[in-house]
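Derivation of every value follows stated rules applied to the coordinates shown; laboratory data play no part. This one's a predicted model, so the numbers in the text were calculated from it and none came from an experiment. Every residue, glycine as well, gets a Cβ built from its backbone with ideal geometry; the counts of neighbours run over all protein chains shown.
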Amino acid sequence: MFSLASVATMSACIFLFGIFFCIIQNFQYMVKTAEQNVAVTVFFEKDLPQEQMDAIGEKILARDEVSDIHFVSADETWEAYQKIYFEERPELAEGFAEDNPLANHAHYEIYLTDVALQGSLVEYLESVEGIRKVNKSAEIADILTNFNMLIAYVSVAIIILLLCVSVFLISNTVTIGIAVRKEEIAIMKLIGATNSFVKAPFVVEGILIGLIGASIPLGLLYYLYTRLTQYVAGEFNILTGLLQFLSVDEMFRILLPVGLALGVGIGFFGSFFTLRKHLKV
Amino acid sequence: MIDLQNVTKAYSTGVQALNGITLHIDKGEFVFIVGDSGSGKSTLIKLLLKELDPTSGTIKVNGVNLNKMKRRAVPKYRRKLGVVFQDFRLLKDRNVYENIAFAQRVVITPSKQIRKNVPMMLSLVGLAEKYKSYPKQLSGGEQQRVALARALVNQPNILLADEPTGNLDPKNSKEIMKLLETINERGTTVVVVTHNQEIVDQMKKRVVAMHRGVIISDERKAGYTQHEN
Ligand SMILES: Nc1ncnc2c1ncn2[C@@H]1O[C@H](COP(=O)(O)OP(=O)(O)OP(=O)(O)O)[C@@H](O)[C@H]1O
Ligand SMILES: [Mg+2]
């Protein structure tokens, strides 16, 4: 009877864990996606020959911080500029005719593997010969990094708390189980049962509680997560560019083994250490 | 085989249950331990099983000093003993068959062996038909016989029986004692605690009499001696 209660509470704990896990995973995924749009821009010294620009580009791409690099020539820069500022009145741009006013604005857009690395990359870029100016997006990088850290800390704290609660519950179940079966255990011992023989059923019980207590919430989460992502995709499709959810399969590729291992692990260690405490012969 | 030197046992309540017991029992012996209620007989059995540790003195069984035995070695030691407890100590939530099979599982016996041994033991103690009954559905005497079957199923080399006939009628008591005698003849050392004067008188075995935690007489092929006090 009591194990039913602990399966229920265990389920609740793993359910909460799963929810937090999903939120964290999705946040990180969104942050990662956002990071990919944060670029460092470098401009070159006046009249730097194309070969030298290419050489610099290769050096930059070889850096660990860099995920991708994109060359924008002076003409392309001018075209993009025209599109933004002279869209309505193209005749104004005509005045420049063949003369590119942004002739010295060929540049690289550099995409980072991790925004947190922006500082070190910028430092490096500023030391490179032939580079005139480095534009960075400092605020976005800082905000994203800090936000990421905050989420990580909060989630670790919550998960540790949930784990402690679960271990306590299993431990309680086992303690009560030992009390109820005290006489039986005493008899087993007197007819020559080893400690591990006596312990085995309790450990098995703990692991089973963990396994069942993990399977129920994981199943539920799978269903709910599928429904939620479908709902969001359907109702807020304007936002889908912004709210990039991990697919249910991607999510459960990690959550399923982690959740099960957690349940079994809590069940095993919870009962194992409680037994060590209460079953001294 | 069993060797007690100046053994005393005081319970935490202050009761001095044993007060300097020196006793030697050889391999293959059949020994009755008699004495009035509270004289320390059950305490002696519990010390031999290492359910309790003596307050002072040494106990050696099969040449091993129980005081110095490591905790981990205790289960293995107990497997060589068969014990019938005065209060039976059967598992209430298991039937007769399971209670006896349980003793075999504890010592990791193959289930094929168990299926063979358990019915054999049950017919030996005359309970073949009641194998499905639960302890509370049995009479005191029947429970006692289940306890005896459990004690014997692992073929111990020492059998300790605390009042194995306490709840039996004279006829059944005699049968059980005959059974113990047969087991003894096959080489098992048997120590029986009993109040049954008639049986002790008839069987002409060694009789150790206790009173208030000391041995007051130890005679071979004796009858039950009534010690007035
Ligand atoms: N667990 C215990 N705690 C405290 N005192 C105990 C305990 N067990 C037994 N005693 C006391 O130790 C003394 C010896 O008890 P023991 O059970 O050995 O007697 P016994 O000879 O087996 O008696 P009986 O013939 O009635 O079974 C008694 O005075 C009893 O009250
Ligand atoms: Mg007694």
Open item on the list: Could you list A:Ser6, A:Ser196 so that the one with the fewest beta carbons within 10 Å of its beta carbon is first and the one with the most is last?
Closed with: A:Ser196, A:Ser6
Open item on the list: How charged is the neighbourhood of A:Ser3? Take every other residue with its Cβ under 14 Å from the Cβ of A:Ser3, and add Lys/Arg as +1 and Asp/Glu as -1.
Closed with: 0
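Please find the FRET efficiency linking B:Glu185 to B:Asp218, where r is the Cβ-Cβ separation and R0 is fixed at 22 Å, and quote it to the nearest 0.05.
Working: r = 22 Å, r/R0 = 1.01.
So, using R0 = 22 Å, E works out to roughly 0.50.
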- [ ] Write down the radius of gyration of the protein assembly as shown and its Dmax, each obtained from C-alpha positions, in Å.
- [x] 41.1, 137
Open item on the list: Show me, for the range A:56-63, the HN-Hα J-couplings you get by feeding each phi into the Karplus relation (A = 6.51, B = -1.76, C = 1.60, θ = phi - 60°), rounded to Hz, glycine and proline as x.
Closed with: 4, x, 5, 4, 5, 4, 6, 5
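What per residue convex hull volume, in Å³, comes out for the range A:39-136 when only alpha-carbon positions are used? Please list the in-between numbers first.
Values: hull volume 9.2 nm³, N = 98.
Dividing the Cα hull volume of the range A:39-136 by its residues yields 94 Å³.
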Open item on the list: I'd like the orientation of helix B:111-124 relative to chain B: the angle between its Cα long axis and the longest Cα principal axis, in ° from 0 to 90, rounded to 10.
Closed with: 70
Open item on the list: Can you tell me the length gained on complete extension of the stretch B:Thr58 to B:Lys27, counting 0.36 nm per residue apart and subtracting the Cα distance?
Closed with: 9.3 nm
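Using a Förster distance of 51 Å, how high is the FRET efficiency between A:Glu45 and A:Leu150, based on the Cβ-Cβ distance and rounded to 0.05? Could the numbers behind the result be given before it?
Working: r = 41 Å, r/R0 = 0.79.
In this case the efficiency is close to 0.80.
Going through the range B:125-199, which trypsin sites (Lys or Arg not before Pro) have at most 14 other Cβ atoms within 10 Å and a DSSP loop state? Mind dumping the intermediate values first?
Working: sites: B:Lys130, B:Lys132, B:Lys136, B:Arg145, B:Arg150, B:Lys171, B:Lys174, B:Lys178, B:Arg186; in loops: B:Lys132, B:Arg186.
Those that pass, being in a loop and sparsely packed, are B:Lys132, B:Arg186.
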Open item on the list: Between helix B:140-153 and chain B, what is the angle of the helix's C-alpha long axis to the longest principal axis, kept within 0 to 90° and rounded to the nearest 10?
Closed with: 90
Task: Hull volume in cubic angstrom per residue (convex hull over the Cα atoms of chain A) - done: 166
Task: For B:Asp3, net neighbour charge (Lys/Arg +1, Asp/Glu -1) across residues whose Cβ lies under 11 Å away - done: 0
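Using the Cα centre as the reference, give the magnitude of the dipole from point charges on the C-beta atoms of the range A:39-136 (Lys, Arg: +1; Asp, Glu: -1; all else neutral), rounded to the nearest 20 debye.
Values: 8 positive and 22 negative charges, 72 e Å.
Dipole size: approximately 340 debye.
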TODO: Using only Cα atoms, tell me the angle between helix A:248-278 and the longest principal axis of chain A; keep it within 0 to 90° and round to the nearest 10.
DONE: 40
Task: Footprinting exposure proxy for A:Leu246, A:Leu4 (fewest neighbouring C-beta atoms within 10 Å first) - done: A:Leu4, A:Leu246
Task: chain B: relative contact order as a whole-number percent, Cα under 8 Å and 6+ apart - done: 28
- [ ] Once you have the Cα-Cα distance between B:Ala73 and B:Asp36, take 0.36 nm times their residue separation minus that, and quote the gain in nm to one decimal.
- [x] 9.9 nm
Task: Hz values of 3J(HN,Hα) by residue in the range A:113-127 - Karplus curve (6.51, -1.76, 1.60), Gly and Pro given as x - done: 6, 8, 4, 4, 8, 4, x, 5, 5, 4, 4, 5, 4, 5, 8
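Once you charge only the Cβ atoms, +1 for Lys and Arg and -1 for Asp and Glu, what is the size of the charge dipole of the protein assembly as shown about its Cα centre, to the nearest 20 debye?
Values: 54 positive and 53 negative charges, 1314 e Å.
Computed about the Cα centre, the dipole is about 6320 debye.
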